[in-house]
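Notes follow the structure.
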Amino acid sequence: MEELGKTILKLIPVIGDQLADISVLVFVIGAAPPLIFILLYALVTLYTEMKVSAHIQDRVAYMYTGYHGILQPVADILKLIQKEDTVPDSADKTLFRLAPYLVFIGTYAGFAVIPFSSAYMGSNINLGVFYLIAASSIVVIGLLMSGWASNNKWSLLGAMRSAAQLVSYEVPTALAVLVAVMITGSLNLNEVSKFQDGGIQNWILFGGPMPITQKLLLLPFTFITFLILFLAGMAEVNRTPFDLPEAESELVQGFNTEYSGMKFAIFYLAEYANMFLVSAVATSLFLGGWSSPFGSFMSGPVWGVFWFVMKGMFFVFVQIWMRWTLPRLRVDQLMYTSWKVMTPFLFVCIFAVGLILVL
Amino acid sequence: MFDIHYSSLTAVQTYFRNIWLALYTALIGMRLTWRHLFTPAVTIQYPDVKLKLPERARNRLYVNIDDCIGCDQCSMACPVDCITIETIKGTPDQDLGTTSTGNKKRLHVPVFDIDIAKCCYCGLCVYPCPTECIVMTDVYEFSEFDRRNLNYHYSAMTPAEIAVAKEKLRKYDEEQAAKKAAAAAAAPKPPAPAATATPPPKPETPPN
């Protein structure tokens, strides 16, 4: 570790020289909004998930902490902060401590290219979605690291499963993203959103702002692509029905079995952040992102944030809803879905969309 | 549509049918959970809201000690021996009264303990009671921080009363013993009873 630290220290002046004209403060201010958003959103989603799951099962969930338990997420966070942060004796201490942060960083890095509004985007790079897919792959390393470092059979099994699952589902995700990118001709999510501006009929889900014949031809393919993107995204988030890495009925808690206290909270935060990231990507690519569904009505940079968060939260809700509806897939069914159903369907979609666009 | 015979389909048909069914059944399930999302919850917020227990619910035991005649039948019936009863015989000069069911009380009951921690709520002690003084109530909230507090003492007698009852019994016993001794000394010794004649053996087979 000391060696690594020295190397990093040596590198810092190099980076500093190149970016001498930009102060660090600008970076911090630029990067802060998604983090603040994630923290607030995690509290809301924690509450929503518990309430939705309870009401689906005809229960009532939290009722005592505040009105209908509205303060319960805060109490949960306080509890997690107070908890002892244990590290198992036989664990690889360095990797064990590093893993949750790596998982969160992988997710948080993805937020850099998410356009919350036409006026705000962490990093306006033209690689956009490509960068997002690459950055979110860091999550796999983090999960595998946590499973391996825990030195626990359940953790290792969970980590292995998560690696297999995430690597498999990145293929359909990337292919589905490609369909939207083919239609818009840009990888930048802000550009993609701008392309769909002007009302619900311009969303790529409904064929995009094309001439009517082209639109009708595109519609079935974009619809299927969107469905696959959303489902593959759910699989990447490791949530039921694709929660094999955690699989609490078989693997205790999967890769995060040995984690407690704040490290566990970070894993949780990363999972919730990832849920929104997946919804945000699906929204930006197929549902117009920050653009208003009513054309110029209620549109603008501020309304953009509203629409974007609303659309994202809707799909977060759908994810919660599906989680409490469907049972977990078997490992072979999971692989079957990815390689034998989603991937071939997407090849057909890509081919068809390409053909329609050329004609 | 679910009872399609798969053997009659080709591999390609099965493939597409499986995909269709996976999506369709998932949607059916989601429709079901959506409905339940707006169904009123069945939860009862327990400490605030309490369900009325059925009339014959078996919970904490209660002993109406005024009606107890100290017959010990409940203690005998108890499968876990959680009832401890000690009695002191009443002497003829004391009137212990009658129970509400009209039985005459002949015994003091200085100890009537039920260790409710041991109780298995079978209700077997309730049925043999001749005066119906031991009953099961619908009280179920009686947790304690110390297990010893769950040993309920039902006897109403004070230590002084117990001492008095014991003293009276002792005196009465002594008097009786003295009387007996006096009677034995006064009366001539009865002759030893003659050996009883054995009855004639019965025939092994009934006579025909």
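Since every read-out is calculated from the coordinates, none of them should be taken as a lab result. The shown structure was predicted, so the numbers you read here are calculated from the model rather than taken from an experiment. Quick reminder, even Gly has a Cβ in these numbers, built from the backbone with ideal geometry, and neighbours come from all protein chains shown.
Compare the Cα positions of B:Ala163, B:Ser143, B:Leu96 along the charge dipole of chain B (+1 at Cβ of Lys, Arg; -1 at Cβ of Asp, Glu; about the Cα centre) and return the one farthest towards the positive end.
Positive-most Cα among the choices belongs to B:Ser143.
As an exercise, use a Förster radius of 22 Å and the Cβ-Cβ distance of A:Ala75 and A:Ile36 to find the FRET efficiency, rounded to the nearest 0.05. Before the final figure, lay out the partial values.
On the way: r = 21 Å, r/R0 = 0.94.
For A:Ala75 and A:Ile36, the calculated efficiency is 0.60.
Can you give me the relative contact order of chain A as a percent, contacts being Cα pairs under 8 Å and 6 or more apart?
Working: 539 pairs, mean separation 77.7, N = 359.
Reported as a whole number, the value is 22 percent.
Check each of the trypsin sites (Lys or Arg not before Pro) in segment B:37-78 and keep only those in coil by DSSP with at most 15 other C-beta atoms within 10 angstrom; list them in order.
On the way: sites: B:Lys50, B:Lys52, B:Arg56, B:Arg58, B:Arg60; in loops: B:Lys50, B:Lys52, B:Arg56, B:Arg58, B:Arg60.
Here the sparse-neighbourhood loop sites are B:Lys50, B:Lys52, B:Arg56.
Could you give me the ³J(HN,Hα) list for segment B:68-85, computed from phi with Karplus coefficients 6.51, -1.76, 1.60 and θ = phi - 60°, whole Hz, x at Gly and Pro?
So the Karplus estimates, Gly and Pro as x, are 6, 9, x, 6, 6, 6, 5, 4, 5, 6, 5, x, 10, 6, 9, 9, 10, 10 Hz.
Sorting B:Glu141, A:Glu236 on the 10 Å Cβ count, fewest up front, what's the list? Don't jump to the answer; show the numbers that get you there.
Numbers: B:Glu141 8, A:Glu236 27.
Final ranking by Cβ density, sparse to dense: B:Glu141, A:Glu236.
If you average the alpha carbon positions of segment A:202-278 and of segment B:56-119, how far apart do those two centres end up, in angstrom?
About 69 Å separates the Cα centre of segment A:202-278 from the one of segment B:56-119.
Taking the Cα-to-Cβ direction at A:Phe317 and at B:Tyr46 and moving 7 Å from each Cα, how far apart do the two end points lie in nm?
Modelled inter-label distance: 3.3 nm.
Collect residues whose amide H, placed 1.01 Å from N in the peptide plane, falls under 5 Å from the amide H of A:Gly289; neighbours closer than 5 in sequence don't count.
So A:Gly289 has HN proximity to A:Ser284.
Taking only C-alpha pairs under 8 Å that are 6+ residues apart, what is the relative contact order of chain B in percent? Can you show the working numbers first?
On the way: 199 pairs, mean separation 42.7, N = 208.
Relative contact order here is 21 percent.
I need the shape label for chain B. Rule: rounded when a/c is under 1.5, else prolate if a/b > b/c, else oblate, with a, b, c from the alpha carbon gyration tensor. Show your work: numbers first, answer last.
Working: a/c = 5.13, a/b = 2.12, b/c = 2.42.
Verdict is oblate for chain B.
Counting partner chain Cβ atoms within 10 Å of every residue's Cβ in B:32-43, what's the average?
Values: counts 2, 11, 3, 1, 6, 10, 2, 4, 3, 8, 4, 7.
The per-residue average across the peptide is 5.
If I stretch the segment between B:Val111 and B:Phe142 completely, what's the gain in nm (0.36 nm per residue apart, minus their alpha carbon distance), one decimal? Mind dumping the intermediate values first?
Values: separation 31, 0.36 × 31 = 11.16 nm, distance 2.16 nm.
Fully extending the segment from B:Val111 to B:Phe142 adds 9.0 nm.
In whole Hz and in residue order, list the ³J(HN,Hα) couplings for segment B:108-114 that follow from phi through the Karplus curve 6.51 cos²θ - 1.76 cosθ + 1.60, θ = phi - 60°; x for Gly and Pro.
Result, ordered by residue: 6, 10, x, 10, 9, 10, 10 Hz.
So what are the ³J(HN,Hα) numbers for segment A:171-179, from phi and the Karplus equation (6.51, -1.76, 1.60; θ = phi - 60°), rounded to whole Hz, Gly and Pro as x?
The phi angles translate into 5, x, 4, 5, 5, 5, 4, 4, 4 Hz.
Relative to the present Cα-Cα distance, how much length would full extension add between A:Glu250 and A:Val302 at 0.36 nm per residue of separation?
Working: separation 52, 0.36 × 52 = 18.72 nm, distance 4.57 nm.
Length gained, A:Glu250 through A:Val302: 14.2 nm.
Would you list A:Glu191, B:Glu167, A:Glu258, A:Glu248 from fewest to most Cβ contacts within 10 Å? Could you put the intermediate results ahead of the total?
On the way: A:Glu191 17, B:Glu167 10, A:Glu258 23, A:Glu248 14.
The order, fewest Cβ neighbours first, is B:Glu167, A:Glu248, A:Glu191, A:Glu258.
Counting Lys and Arg as +1 and Asp and Glu as -1, each charge on the Cβ, what is the dipole of chain A about the Cα centre in debye, to the nearest 20? Kindly include the intermediate steps, with their values, before the conclusion.
Working: 19 positive and 22 negative charges, 111 e Å.
Charge dipole, chain A, about its Cα centre: 540 debye, nearest 20.
At 222 nm, what helix-only mean residue ellipticity would the protein assembly as shown give, in deg cm²/dmol to the nearest 500, using -39500 (n - 2.57) for each DSSP H run of four or more? Intermediate results must be reported in sequence, preceding the final value.
On the way: 17 runs with 298 residues, N = 567.
One gets -17500 deg cm²/dmol as the mean residue ellipticity at 222 nm.
For the pairs B:Lys89/B:Lys168; A:Lys311/A:Lys340; B:Lys104/B:Lys179; B:Lys104/B:Lys180; A:Lys51/B:Lys52; A:Lys83/A:Lys263, note any where the Cα-Cα span goes beyond 20 Å.
Correct reply: A:Lys311/A:Lys340; B:Lys104/B:Lys179; B:Lys104/B:Lys180; A:Lys51/B:Lys52.
Run the numbers on segment A:32-82 and let me know its relative contact order in percent, using alpha-carbon pairs under 8 Å that are six or more apart. Each step should come with its number before you reach the end.
Details: 24 pairs, mean separation 13.6, N = 51.
27 percent.
May I ask which residue of A:Thr225, A:Val341, A:Leu355 lies farthest towards the positive end of the charge dipole of segment A:214-359, with charges of +1 (Lys, Arg) and -1 (Asp, Glu) on Cβ and the Cα centre as origin?
The residue sitting farthest along the positive end of the dipole is A:Leu355.
Provide A:Tyr62, A:Tyr67, B:Tyr62 in ascending order of the number of other Cβ atoms located within 10 Å of each residue's Cβ, fewest first. Numbers along the way, then the final one.
Values: A:Tyr62 18, A:Tyr67 7, B:Tyr62 15.
Lowest to highest Cβ neighbour count: A:Tyr67, B:Tyr62, A:Tyr62.
About its Cα centre, how strong a charge dipole does chain B have in debye, to the nearest 20, once Lys and Arg get +1 and Asp and Glu get -1 at the Cβ?
Numbers: 23 positive and 23 negative charges, 81 e Å.
The calculation lands at about 380 debye.
Using a 10 Å cut-off on Cβ atoms, rank the peptides A:314-325, B:15-26 from the highest mean neighbour count down.
Working: A:314-325: 18.8, B:15-26: 13.2.
Packing proxy ranking, top to bottom: A:314-325, B:15-26.
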